[in-house]
Amino acid sequence: MNFNLTRIAPTPSGFLHLGNAYSFLLTKFIAEETGAKILLRIDDLDRERYRKEYVEDIFDTLDFLEIAIDQGPKNVKEFESDWSQLHRMEKYQEGMQKLRDSKLVFGCDCSRKKILEINPAGNYLGYCLDRRIPLTKPDIAWRINTLDADFVSFLAYSTKKITQLIPEETAFYIIKKKDGAPSYHLASVIDDEEFGVDLIVRGNDLYPSTLAQLDLARLLELSSFPRATFHHHAILKGPDKTKLSKSSGSTSIQFLRKGGKRLPNVLGLIGQMAGLSHQVSSLEELKSHILPKNE
């Protein structure tokens, strides 16, 4: 299979860790095998956690991992002046209005605490559907009514077509947050459509998001996103078997580099966490072991 464009899409909400590096490298390896160019798309709509040093860390980490970017910003200044998602707010607003006109949008004022009280699993199950909360009311999130959503399909990198309903984890997904900002789902789909991304590599934890975003793309009547190919990879976990996070500094690339770790050392750690039976120390070695087979 050949592709035109894939993307690396980090959020500048903390210093990047080994799990991010694994995903970035896997994207690089698949791009090399399929001829895809790589777009750097930094998702910076979470302004509360945005820090310039986190953006700088993205460029430093990509350089350290020897990942060449074909499209996108080359430094912090270029990112903020030309590539920030803030420059695409008009497109997001247009998308939110189109969805509102579809009559599938409903208002929700539930807090995370309230959702957990109702459903300890943390999944939102449409509690506000019949409350008819005005969409213009302050501090209201906009959600999509997915009760009658159809099956969604996508092509996995193994060339297998997958068809499934939106799972409970992303049912009634948000398109507009309580602060008025577009949701991750909405901005991500519109960006991938605009840039022409046709190969998306992401973790298994975002599999439910893929299904929600495909439904969203259908509602927005987008043409290219529904035809993209997806690869969902395993998530690296720490010694305690929990998912790595940006709040855990000991697995950040920056922390490891300050401690004297060089690229071969970091690749070795990634290989260990990925469950490889022997030590790797080069990009080609890691690639040969983690590159998915395109059947």
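Positive end of the charge dipole of the range 92-188 (Lys, Arg +1 and Asp, Glu -1 on Cβ, about the Cα centre): tell me which of 184, 149, 125 has its Cα farthest that way.
Result: 184, furthest along the dipole toward the positive end.
List every residue whose amide H lies under 5 Å from the amide H of residue 233, counting only residues 5 or more places away in sequence or on a different chain, with H placed 1.01 Å from N in the peptide plane.
HN-HN under 5 Å from residue 233: 202, 203, 204.
Checking the table 160/246; 91/161; 113/243; 178/258; 52/258 against a 28 Å threshold on Cα-Cα, which pairs fail?
160/246; 91/161; 178/258
Highest GNM mean-square fluctuation, the chain, Cα pairs closer than 10 Å: which of 233, 17, 87?
Looking only at 233, 17, 87, the largest GNM fluctuation is found for 87.
Residues with amide H under 5 Å of residue 4's amide H, sequence separation 5 or more or different chain, H placed in the peptide plane at 1.01 Å from N; which?
Those qualifying (amide H under 5 Å, at least 5 residues apart or on another chain) are 198.
Classify the range 154-219 as rounded, prolate or oblate, taking a ≥ b ≥ c as the square roots of the eigenvalues of its Cα gyration tensor: rounded when a/c is under 1.5, otherwise prolate if a/b is larger than b/c and oblate if not.
Here the range 154-219 falls in the oblate category.
With contacts defined as alpha carbon pairs under 8 Å and 6 or more residues apart, what's the relative contact order of the chain in percent?
Contact order relative to length: 21 percent.
Order of 158, 223, 183 from fewest to most other C-beta atoms within 10 Å?
Going from least to most buried by this count: 223, 158, 183.
As a footprinting exposure proxy, order 191, 70, 101 by other Cβ within 10 Å, with the fewest listed first.
Numbers: 191 20, 70 12, 101 9.
The most exposed by this proxy come first: 101, 70, 191.
Pull up the DSSP beta bridges for the range 5-290 and report the antiparallel fraction as a percent, rounded to 5.
Details: 13 of 26 bridges.
Here the antiparallel bridges make up roughly 50 percent for the range 5-290.
In nm, to one decimal, how far is the modelled label at residue 71 from the one at residue 181, with both set 7 Å along Cα→Cβ?
2.5
By how many degrees, between 0 and 90 and to the nearest 10, does the Cα long axis of helix 18-34 differ from the longest principal axis of the chain?
80
Multiply the residue gap between residue 147 and residue 127 by 0.36 nm, knock off their C-alpha separation, and tell me the result in nm, one decimal place.
Result: 6.0 nm gained on full extension.
Note down the magnitude of the dipole of the chain about its Cα centre, charges +1 on Lys and Arg C-beta and -1 on Asp and Glu C-beta and zero elsewhere, to the nearest 20 debye.
660
Would you mind ranking 30, 270, 69 so that the residue whose beta carbon has the fewest other beta carbons within 10 Å leads the list?
Starting with the residue having the fewest Cβ neighbours, the order is 69, 270, 30.
In degrees from 0 to 90, rounded to the nearest 10, what is the angle of the helix 89-101 Cα long axis to the longest principal axis of the chain?
Rounded to the nearest ten degrees, it is 40.
For the chain, can you list the cysteines whose C-beta has no other cysteine C-beta under 4.7 Å from it?
So, 110.
As an exercise, identify the GluC sites (Glu not before Pro) in the range 24-84 lying in DSSP coil whose Cβ has no more than 10 other Cβ atoms within 10 Å.
Passing sites in the range 24-84 are 48, 66.
Bear in mind that the values in this text are calculations on the coordinates, not laboratory data. These numbers were taken from a predicted model, which means no experiment stands behind them. Don't worry about glycine lacking a Cβ; one is built from the backbone with ideal geometry, like all the others, and counts go over all protein chains shown.
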